[in-house]
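A short write-up of the structure that comes next.
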Amino acid sequence: MDDIFSTFAPQDNLMENVPETPEMDAQTNEISELSKKGYQLLKENRISEAEDSFKQILAIEDNNNYALVGLGDSARKQNHFHEAIDYYTRCLSYHPGNNYALFGLADCYKALNQYHKAIEIWEQYLLHDDRNITVLTRVADAYRKIRDFRKSKELYNRVLEMEENNAYALIGLGHLHYDFKEYRDALFFWQRMLEQNENAVDIRVLTSIGNCHRKLKTFDKGVYYFERALSMDENNFYALFGLADCYRGMNQQYRSVEYWNKILEIDPRNKVILTRAGDAYRNMGDYETASKYYNKALDIEFDLYAVLGLALISKGEGKYDEAIASLTRLIQSDSKNYRLYIDLADCYIKLNQKQRAIETLQDFQRLGIRSQAVAELLDKLQNNA
């Protein structure tokens with residue numbers, strides 16, 4: 001399961017066993033031996049030596065398919081994807097339909113985030129072998145990346161029909177449903193992964209389950225999985241973030257601060273975490289400490305949420321004119337953020353300027369963006385006007 005969650009690890013090249021026959025002439029035999037040697041060196045990650053073997057083959061026979069694919073694989077292993085593409089394409093120009101060149105070429109396009117090209121090539125491969133689980137999961141993953149939910153799900157399910165508990169397909173379906181905000185369905189597939197590997201679970205399965213609970217707002221259940229992940233790696237960012245966010249969701253700000261600060265011990269210039277910690281201190285009423293965190297974030301670069309946090313501190317301290325000035329500037333830079341209008345309207349309400357509050361909310365509605373929170377507050381103000 002080393003690379004299940006991101007890029008599928010390249011398989012060992014299937015051409016390492018070059019067939020020999022008694023009739024092989026000396027030249028063919030030399031190519032065979034050089035090819036075997038090259039692929040063995042590739043497996044041992046001795047890439048420059050492998051390349052020498054493949055280039056020796058090309059000196060004997062121009063455009064030899066084993067050598068061209070071998071050189072493509074060598075370049076791909078070094079993340080030299082454009083160079084690898086040249087070798088695979090050259091091979092296919094002389095040996096159309098070569099499965100190994102197709103396989104490598106598609107993987108290169110995937111690595112370059114050119115998913116449409118990768119899909120097109122993998123589908124050519126599937127014409128020759130439509131039950132290749134490795135390729136099917138790759139194509140499903142590529143469709144997921146281009147947000148084609150139907151085709152991605154269909155291909156992952158084809159894999160599960162062939163292999164009921166295929167880890168790549170289960171994980172892919174978990175990611176797919178999560179990406180489309182179908183968190184309960186995502187949770188189902190992550191739980192299946194956990195059931196298969198209860199005693200040797202990958203930490204990413206635990207944090208993924210925790211994140212589903214976080215999105216479903218079942219924060220207490222999420223805490224269990226993030227704590228379990230943290231017991232495996234005390235500095236795991238996703239576990240620390242998940243715990244902090246779950247405690248925030250449970251309105252236990254004093255606990256959330258503990259984990260925001262643990263992240264900051266590892267990454268003290270993380271602007272997002274600085275503003276989250278600032279929010280937690282602000283919600284605890286510790287405005288002085290909150291201000292320090294917001295200003296640390298702003299020392300790194302402009303951050304809307306840090307400025308908003310400082311504006312809300314001004315509001316909390318009754319400095320409404322100061323808060324109004326800050327919120328008005330923020331709206332100019334982020335005019336579609338409904339929360340800014342609500343906070344600005346609330347400042348006007350606190351100053352007994354109800355009409356200004358109504359006008360602020362109406363300004364947002366004129367943008368044509370729907371917000372239930374804005375609509376409810378506006379209705380309340382107009383009906384009590």
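The values are calculated or read from the model by the stated rules, or taken from the named source; none is laboratory data. If you're wondering where the values come from, they're calculated on a predicted model, not measured in any experiment. Heads up, the Cβs are rebuilt from the backbone with ideal geometry, glycines too, and the neighbour counts pull from every protein chain shown. Keep in mind that these areas ignore ligands, DNA and RNA; they rest on the heavy atoms of the full protein, side chains included. Shrake-Rupley method; radii C 1.70, N 1.55, O 1.52, S 1.80 Å.
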Residue in region 197-210 that is open to solvent by 10 Å² or more (accessible area, probe 1.4 Å), among the hydroxyl-bearing types (Ser, Thr, Tyr) and out of contact with any Phe, Trp or Tyr (no Cβ under 7 Å at 6 or more places or on another chain) present: no
Pairs, first on the phi < 0 side of the Ramachandran plot and touching a residue at least 60 places away in the same chain (Cβ under 8 Å) in region 114-137, second surrounded by fewer than 13 Cβ atoms within 10 Å (Cβ to Cβ) and in a loop (DSSP other than H, G, I, E, B), C-beta under 7 Å, six or more apart: THR134/GLN11
So ALA167, is it free of Cβ contacts under 8 Å to residues at least 12 places away in the same chain, of a type in the set (A, V, I, L, M, F, W, C) and surrounded by fewer than 19 Cβ atoms within 10 Å (Cβ to Cβ): no
Residue pairs meeting the criteria (Cβ under 6 Å; at least 6 apart or on separate chains; first within 13 Å of LEU34 (Cα to Cα) and assigned to a loop (DSSP other than H, G, I, E, B), in region 63-76; second among the β-branched types (Val, Ile, Thr) and open to solvent by less than 10 Å² (accessible area, probe 1.4 Å)): ASN64/ILE57
Of residues in region 338-385 being without any contact (Cβ under 8 Å) to a residue 24 or more places away in the chain and in a loop (DSSP other than H, G, I, E, B), the one most open to solvent (accessible area, probe 1.4 Å): ARG370
Checklist (1) among the polar types (S, T, N, Q); (2) modelled with pLDDT of 95 or more; (3) more than 25 Å from LEU136 (Cα to Cα) applied to SER74, failing item: (3)
Leading residue by the ranking (nearest to the chain's Cα centre (by Cα)) among those in region 195-206 that are under 20 Å from PHE241 (Cβ atoms) and among the hydrophobic types (A, V, I, L, M, F, W, C): VAL205
Residue that is least open to solvent (accessible area, probe 1.4 Å) [pool: residues in region 299-329 that are assigned to a loop (DSSP other than H, G, I, E, B) and under 15 Å from TYR348 (Cα atoms)]: GLY318
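Could you check region 82-133 and list, in sequence order, the residues that are of a type in the set (Ser, Thr, Tyr) and open to solvent by less than 30 Å² (accessible area, probe 1.4 Å)?
Selection gives TYR88, TYR125.
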Hits in region 211-229 (condition: open to solvent by less than 80 Å² (accessible area, probe 1.4 Å) and touching a Phe, Trp or Tyr at 6+ places or on another chain (Cβ under 9 Å)): ASN211, CYS212, HIS213, ARG214, LEU216, PHE219, VAL223, PHE226, ALA229
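Given the condition more than 36 Å from the chain's Cα centre (by Cα) and of a type in the set (Val, Ile, Thr), answer yes or no: does some residue in region 362-373 qualify? Explain how you work it out, then say what you get.
Restricting attention to region 362-373, the residues satisfying the condition of being more than 36 Å from the chain's Cα centre (by Cα) are 362.
Adding the requirement that they be of a type in the set (Val, Ile, Thr) leaves none.
Among the residues of region 362-373, not one is more than 36 Å from the chain's Cα centre (by Cα) and of a type in the set (Val, Ile, Thr), which makes the answer no.
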Test result for LYS296, basic (Lys, Arg), within 29 Å of the chain's Cα centre (by Cα), under 30 Å from LEU240 (Cβ atoms) and assigned to a helix (DSSP H, G or I): yes
